[in-house]
1. Please give the number of the condition GLY254 fails out of (1) farther than 28 Å from LEU298 by Cβ; (2) under 17 Å from the mean Cα position of the chain (by Cα).
2. Just the residues that are outside any helix (DSSP H, G or I) and surrounded by fewer than 22 Cβ atoms within 10 Å (Cβ to Cβ), please, taken from region 59-86.
3. Looking at region 39-58, which of its residues are surrounded by fewer than 17 Cβ atoms within 10 Å (Cβ to Cβ) and farther than 25 Å from THR147 by Cα?
4. Identify the residue in region 193-228 that is out of contact with any helix residue (DSSP H, G or I) (no Cβ under 6 Å at 6 or more places or on another chain), of a type in the set (Gly, Ala, Ser) and crowded, with 17+ Cβ neighbours inside 10 Å and, among all such residues, is modelled with the highest pLDDT.
5. With (1) out of contact with any Phe, Trp or Tyr (no Cβ under 8 Å at 6 or more places or on another chain); (2) without any contact (Cβ under 8 Å) to a residue 60 or more places away in the chain; (3) under 24 Å from PRO37 (Cβ atoms) as the list, and ILE307 as the residue in question, which single condition is left unmet?
6. Are any residues in region 122-149 assigned to a helix (DSSP H, G or I), of a type in the set (Gly, Ala, Ser) and open to solvent by 10 Å² or more (accessible area, probe 1.4 Å), and if so, which ones?
7. Restricting attention to region 229-243, which residues are open to solvent by 10 Å² or more (accessible area, probe 1.4 Å) and either of a type in the set (Ser, Thr, Tyr) or within 17 Å of the chain's Cα centre (by Cα) (or both)?
8. Go over the candidates SER19, SER3 one by one and state the one that is within 19 Å of ALA137 (Cβ to Cβ) and at pLDDT below 55.
Amino acid sequence: MKSVSSHRRQFLALLAASSAATLLPTGPAHAYPSFPPLRGRLRQGLTPHLFNADLEDTCRMAVALGIKGLDFVSNPADWPLLKKHGLTMTMLRVDHGGGLSRLGRAPAGPPGWNAIGTPDQGGVFEAALRDRIDAAAMHGIPNIILTCGERGAIGHEEGKRNALAFLRRVSAHAEQRGVTLAIENINSGHSGGPPVSPGSMFDHLSWGLDVVSKVNSRSVKLLVDLYHAQLMDGNITNFLRANMQWIGHFHTGGVPGRNEIDETQELNYRHVARVIAEQGFTGFVSHEWMPSASADKLTVLRKSIEIIDV
C-alpha cells in the first residue's frame with residue numbers, strides 16, 4: 001500500500017497539472033437537437049459513466065438536455081472540460097492513489113476503502129479525503145461522496161460508531177472549506193447492492209439519518225439514492241418532508257429495473273420531485289440509471305429530465 005505522503009504527492013501533482021492545463025483540441029461536435037428550456041426549479045445532473053464513454057460528447061449532450069452538472073468526474077485533468085461547457089462537477093469521489101479513472105470509477109482500494117463504517121487502515125483514506133476537500137474547494141465542487149461499506153463481521157451499531165468517529169474528525173475541515181460530505185444509502189440483496197449477507201452498512205435511511213443528525217454539521221449530509229431507498233424503505237415523501245434539512249444530494253433510478261424513471265416504474269417521480277422542490281431543496285438531483293436496452297438514450301433522458309422539472 002502506498003504511504004499517505006506518496007499518495008498526497010501524486011494527487012497534488014495531478015491537481016497542479018489540471019489547474020495549469022489547456023484543453024486539447026476535440027473532434028467534430030455531435031449534433032444534438034435543441035430542446036425547450038426547462039423550468040429549472042430543481043437543478044439536475046447526470047452520472048456520465050452510465051450514459052456515454054466519451055466525456056466531451058457527454059458534456060455536449062448534457063448541455064443540450066438542460067443538465068447543469070455531472071457527478072463522479074474524479075480526474076482533475078477533466079475538470080476544465082466541464083467548466084468549458086458551463087457544467088458543475090457536482091459530486092466527487094475519493095480515490096486511493098492507485099490511478100485516477102477518467103470517468104470517475106474509483107479503483108479498488110484496501111479493505112474498508114471509502115467505507116466510513118469500517119476502520120480506516122493507517123489513516124490513508126482520511127488523508128486522501130482531506131486532500132479531496134481542499135481540491136473540491138479550490139475548483140468549486142460542492143460535494144464529496146462517502147460510502148459506508150458492507151457490514152461483514154461489523155454490525156450496524158459498531159459501523160455507526162465508526163462512521164460517527166470518522167465524520168466528527170473531518171467535518172470541521174469540510175465546514176472551513178465549504179464542502180459537503182454526502183453519505184449514500186445502498187440497498188442489501190437487490191441489484192446495485194451487496195447480498196443480504198453481509199449486506200450494506202447503510203441500507204436503511206434511518207441509519208444514515210441517525211449518523212448525520214448526531215454529527216450535526218452543515219457539511220455532513222445524506223446522499224439519498226431514491227432507487228435504493230424505495231427498495232429498502234418506501235414511504236419516500238414522508239421521509240423527505242420530515243428530514244430535508246439533512247439531505248444534500250439525490251440520485252434517481254427506476255424501481256425495480258434501475259432504468260429510466262417513467263410510468264413503467266413504481267415510483268411516481270414527478271410527485272417526488274414536487275415534494276423535493278416544495279421543501280426548498282437547493283442541491284442537485286442527479287440521474288443514475290441505465291437506459292433500457294431497446295430505448296433511445298436521448299429520448300428517455302429528456303423524458304426523465306422533464307419528469308423532474310416540476
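1. Unmet condition: (1).
2. Step one: list which residues in region 59-86 are outside any helix (DSSP H, G or I), which gives 66-75, 85-86.
Hits for region 59-86 are GLY66, LYS68, ASN75, HIS85, GLY86.
3. The answer is ARG39, GLY40, ARG41, ASP54.
4. Once the filter is applied, the top-ranked residue is GLY208.
5. (1)
6. Of the residues in region 122-149, the ones assigned to a helix (DSSP H, G or I) are 122-139.
Checking the rest, the ones that are also of a type in the set (Gly, Ala, Ser) come to 122-123, 127-128, 135-137.
Once the filter is applied, which keeps residues that are assigned to a helix (DSSP H, G or I), of a type in the set (Gly, Ala, Ser) and open to solvent by 10 Å² or more (accessible area, probe 1.4 Å), region 122-149 yields GLY122, GLY123, ALA127, ALA137.
7. THR237
8. Details: SER3 fails: within 19 Å of ALA137 (Cβ to Cβ).
Sole residue among the options that is within 19 Å of ALA137 (Cβ to Cβ) and at pLDDT below 55: SER19.
The values are calculated or read from the model by the stated rules, or taken from the named source; none is laboratory data. Note that the structure is a prediction, hence the values are computed from the model and not measured. All Cβ positions, glycine included, derive from the backbone under ideal geometry; neighbour counts span all protein chains shown. Each accessible area value is taken on the protein alone, full model and side chains, heavy atoms only, with ligands, DNA and RNA left out. Shrake-Rupley method; radii C 1.70, N 1.55, O 1.52, S 1.80 Å.
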